[in-house]
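Undergrad: Please read through the structure below; I'll follow up with questions.
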Amino acid sequence: MKWVFFFVVMAACLLLGTAMVLIDHGVIRDSAICGVGALVGFLIAYQMQSRYTILDD
């Protein structure tokens, strides 16, 4: 379960970075989609961190 958690966090960070690059280039719609995806990824990671005690290992 720990590797799934790390994958979700890395995917959320990648989406957040993509959103920042896209907003810099003026692509607002795609940046908003990536930003929402990053927010959902961070919320999933938070839920996993608070729910599963297997991540403590």
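Undergrad: In region 48-57, how many are touching a residue at least 24 places away in the same chain (Cβ under 8 Å) and part of a helix (DSSP H, G or I)?
TA: Going through region 48-57, the residues touching a residue at least 24 places away in the same chain (Cβ under 8 Å) turn out to be 48-49, 52, 54-55, 57.
Those still in the list that are part of a helix (DSSP H, G or I) too: 48-49, 54-55.
Looking only at that region, the number is 4.
Undergrad: Next question. When you scan region 4-47, how many residues do you find that are open to solvent by 80 Å² or more (accessible area, probe 1.4 Å) and in a loop (DSSP other than H, G, I, E, B)?
TA: 1
The values are calculated or read from the model by the stated rules, or taken from the named source; none is laboratory data. On a predicted model such as this, the values are computed, not experimentally measured, just so you know. Backbone-built Cβ (ideal geometry, glycine too); neighbour counts: all protein chains shown. Side chains are part of the model used for accessible areas, which takes the heavy atoms of the whole protein and leaves out ligands, DNA and RNA. Shrake-Rupley method; radii C 1.70, N 1.55, O 1.52, S 1.80 Å.
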